[in-house]
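Reading through the structure tokens given below for one structure.
The values are calculated or read from the model by the stated rules, or taken from the named source; none is laboratory data. As the structure is a computational prediction, the values presented were derived from the model and not from experiment. As a convention, Cβ positions derive from the backbone with ideal geometry for all residues, glycine included, and neighbour counts pool all protein chains shown. Calculation scope for accessible area: heavy atoms of the full protein, side chains included, ligands and nucleic acids excluded. Shrake-Rupley method; radii C 1.70, N 1.55, O 1.52, S 1.80 Å.
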Amino acid sequence: MSGEASRGRVAFGVLGPTVAKSDGRALALKGPRHRAVLARLVVARRRVVPVTHLVGDLWTDPPPGAVGAVQTFVAALRRVLEPDRPSRAPARLLVTDGPGYALRPEPDAVDAWCFETAVGAAARLPAPQALPRLEEALALWRGPAYAEFEEEDWARGERSRLAELRLQAVEQRARTQLDLGLAAEAVPDLDVHLTAHPWREDAWRLLALALYRQDRQGDALGVLRRARAVLADQLGVDPGPRLRRLEADILAQDPGLDPPAGPTATAARLWTRTAAAYDRTVAAGARARLETTVSLIRNLAVTGGGGLAAARQHRMEAIAAAEEFGDPDVTARVIGAYDVPAIWTRNDDPEQARRIVDAAERALTALPGDAHEAARCRLLATIALETRGSRAPRGPQAAREAEEIARRLDDPALLAFALNGAFMQSFTRAGLAPRRDEIGAELVELAARHDLVTYEVLGHLIRLQARGALADFAAADRHAAAVDRLAERHELPLASVFTQWYRALRLAASGQPAGAETAYRDAAARLDGAGMPGLERGLLPLALLCLRVRHRRTWSDTDSGETGPGATGRGDTGPWGTGPRGSDPGPVEIDLGADWGPYRPWATPFALLASGRRAEARAALRALPEPPRDLMYEACCCLEAVVALEVGDRDVLERARARLLPAAGELAGAGSGLITLGPVEDHLADITTALRAPTSPVPPR
């Protein structure tokens, strides 16, 4: 097998036959017992399954050497899932833990988990945002859950639970369609649903109501008669009170059964009719249809987590379709039309970003050099956005060129797009919060003047981050409030994700670690299903690590919340944030089993220190890459400095000082709007003190 699995993320499918995929390609799992081990570990949901339990699950009468056979199965699975892992390196996906094994995929890497997340999120969303989320969730099903293990006791409970949740999701989708005035769309799926599950009384009620709302009173009453007969024949019961009440209301033509008369239903009906007219009128292969589709994709991206994830998928499909026309102008318009404001500096899908940049570069090369300036500007801004966090010079160059063209053309929307690219490329070193504050201020003024609402939100978010980095929390609070007002008024639910994280940061910065931990956990729950893996992955563990480093304590989830004398964050505290400088309150304990995402390299030295492995911690520190040029740059540099102080590594301290000096007046990490490690000047002072000492600042233990 090639190394594709190790280079790409491994995803697991159990909503149907058990599969594992990497970069969309199925991995070659071996025999049925290999699949059974994999499925059994997925059922365990990242928890350890003892080897003895696996043996009992795989065999009714275990043969001699069954434990060894399980070990062989696990070894074979590891070779498939992590083919490029060195032979003696510890596994990171299918891990050995105590008496058994655990599968530790990313939270969104198992289709069953994604399904549950999407259904739960849909229940909290208004109907227009809930419907696409439910469609996305139900589309994950390829057959019965754990299809090949229906006879296995260990799978039975999970199969039943997921099957029931799917039935509820089908009915939830129908209710949402009825709330949106889409009764006709609800009928076919409900018919199919009831054919397979005729005992679902609520589904009979929904089908009858959908028919009634299409002025099909006779058909609605016929459905209720069928329901009465089916329930009597199959279950020996009469219809419940809700079905009986619906029948009486239909006979009385009760006005309460009429579809919602509010703007939501009216808008939904208008949407359906307009879309149908467009579909009839505009030819399927027309370029206008493609450009209209991209506009819809752009709007979809700001409707919520499900919309953002779907937009990301369809965006690449639209670009590929545009390139098939062989017209660079069409390709440029399709790529450039996706001017969705972006605030986070790490791509949600780096591979897709690379493909978009490649397509944009091809279109730029093919466009005539003396025309199409607006198209060129949009392509350049796209390149600047999609190369965020890269050290290559192309991103900053593209951002400068895009901004120059936009200012020359005096196009407000184009300038806003270009300024977003300039923001993404403003991380070439530490200490650039003032520059980003200028970009945010221009965006707010420009967007407010020209009614560019999403860019006005972006400008406030940029200023929230920048003012937080500069410890101006009064101004940052005002920008957070402005974001919330605009998000509520214009139905932009993702914006408040960032303000919720900012308020957790405020608690951390004001010396309230216990309250901040609770707030961080609540904010992390909001990220679940938000469609922003580039933001979500590893963020909660990193936030808690920074919180504990800042306040140098370990507390459990049930801790009383009492803090030590250094919890106020005053300047007389030590390098770890509690007690006088030079005190030794002990190591910060962290769980490397959590999903640290891209921040794992910076967490590893802390874990090694906590277990007393100082030499290995020092080696891990020396092996750290340069932090990505993004909103977490200063925070990662400070984490390196904290470990270097602990192990007495003067070379790393020199490096950290050089990197951090330009940000001496900022709060480390607060420019993210999410986390903080306190004033950079405190870290610099600790580094300077350590470097003046003739020997290592912390003696070996």
| field | Length gained when the stretch S611-A232 is fully extended (0.36 nm per residue, less Cα-Cα span) | value | 129.9 nm
| message | How long are the semi-axes of the equivalent ellipsoid of segment 149-215, taking √(5λ) for every eigenvalue λ of the Cα gyration tensor, in whole Å from largest down? | response | 29, 11, 8
| query | Roughly what would the spin-label model give for H197 and V55, points 7 Å off Cα along C-beta, in nm? | reply | 4.0 nm
| query | Using θ = phi - 60° and the Karplus curve 6.51 cos²θ - 1.76 cosθ + 1.60, what whole-Hz ³J(HN,Hα) does each residue of segment 457-470 get, with Gly and Pro shown as x? | reply | 4, 4, x, 5, 5, 4, 5, 4, 5, 5, 5, x, 4, 8
| message | Can you compute the label reach from V67? Point 7 Å from Cα along the Cβ direction, backbone N cut-off under 12 Å, restricted to segment 96-111. | response | 99-100
| request: With only alpha-carbon atoms counted, please give the Rg and Dmax of segment 1-157, in Å. | output: 16.6, 58
| task | Please identify which residues in segment 657-677 have an amide N closer than 15 Å to a label point set 7 Å out from the Cα of A685, following the Cα→Cβ vector. | result | 664-668
| request: Rounded to the nearest 0.05, what FRET efficiency do Q253 and S160 give with R0 = 41 Å and r taken as the Cβ-Cβ distance? Could you check? | output: 0.50
| Prolate/oblate/rounded call for segment 391-462, Cα gyration tensor, a/c under 1.5 rounded | oblate
| Which ³J(HN,Hα) values in Hz, rounded to whole numbers, follow from the phi angles of segment 39-44 under the Karplus curve 6.51 cos²θ - 1.76 cosθ + 1.60, where θ = phi - 60° and Gly and Pro get x? | 5, 4, 6, 5, 4, 6
| note | All alpha-carbon distances of segment 589-701, grouped into 10 Å bins from 0, give the whole-percent distribution 14, 47, 34, 5
| task | Measure off 7 Å from each Cα along the Cα-to-Cβ vector at R47 and R650, then give the distance between these two points in nanometres to one decimal. | result | 5.2 nm
| Mind ordering 157-169, 604-616 by average Cβ neighbours within 10 Å, highest first? | 604-616, 157-169
| query | How big is the shadow of the Cα convex hull of the chain, averaged over all directions, in nm²? | reply | 36.2 nm²
| Kirkwood hydrodynamic radius (C-alpha pairs) into Stokes-Einstein, segment 127-170, 20 °C and 1.002 mPa s, D in µm²/s | 187 µm²/s
| query | Using r as the Cβ-Cβ distance of A471 and D522, and R0 as 22 Å, what FRET efficiency do you calculate, to the nearest 0.05? | reply | 0.35
| request: Quick one: which residues, 5 or more positions from R537 or on another chain, have an amide H under 5 Å from its amide H? H modelled 1.01 Å from N in the peptide plane, none for Pro or chain starts. | output: none
| query | Roughly what % of Cα-Cα distances in segment 108-198 sit above 17 Å, to the whole percent? | reply | 51 percent
| said: Below 8 Å, C-alpha to C-alpha, sequence gap of six or more: please give me the relative contact order for segment 115-234 in percent. | reply: 18 percent
| request: With only Lys, Arg, Asp and Glu charged, each at its Cβ (+1 for the first two, -1 for the last two), find how big the charge dipole of the chain is about the Cα centre; round to the nearest 20 debye. | output: 1220 debye
| Using 15 Å as the cut-off for backbone N distance, which residues of segment 73-102 belong to the label zone defined by a point 7 Å from the Cα of A619 along Cα→Cβ? | 86-90
| said: I'd like the accessible area for M316: 1.4 Å probe, protein heavy atoms, all chains in place, Å² to the nearest 10. | reply: 20 Å²
| field | Derived scalar couplings ³J(HN,Hα) [segment 526-542; Karplus, 6.51 cos²θ - 1.76 cosθ + 1.60; whole Hz; x for Gly, Pro] | value | 5, 6, 5, x, 7, x, 10, x, x, 8, 6, 4, x, 5, 5, x, 5
| request: Principal axes first, then extents: for the Cα atoms of segment 448-510, list largest minus smallest coordinate on each axis, whole Å, largest first. | output: 35, 21, 12
| Mind listing which trypsin sites (Lys or Arg not before Pro) in segment 382-453 are in a DSSP loop and have 15 or fewer other Cβ atoms within 10 Å? | R391, R429
| Just the Cα atoms of segment 299-379, one point each, no solvent: what log10 I(q)/I(0) does Debye give at q = 0.19, 0.20 Å⁻¹? | -0.84, -0.92
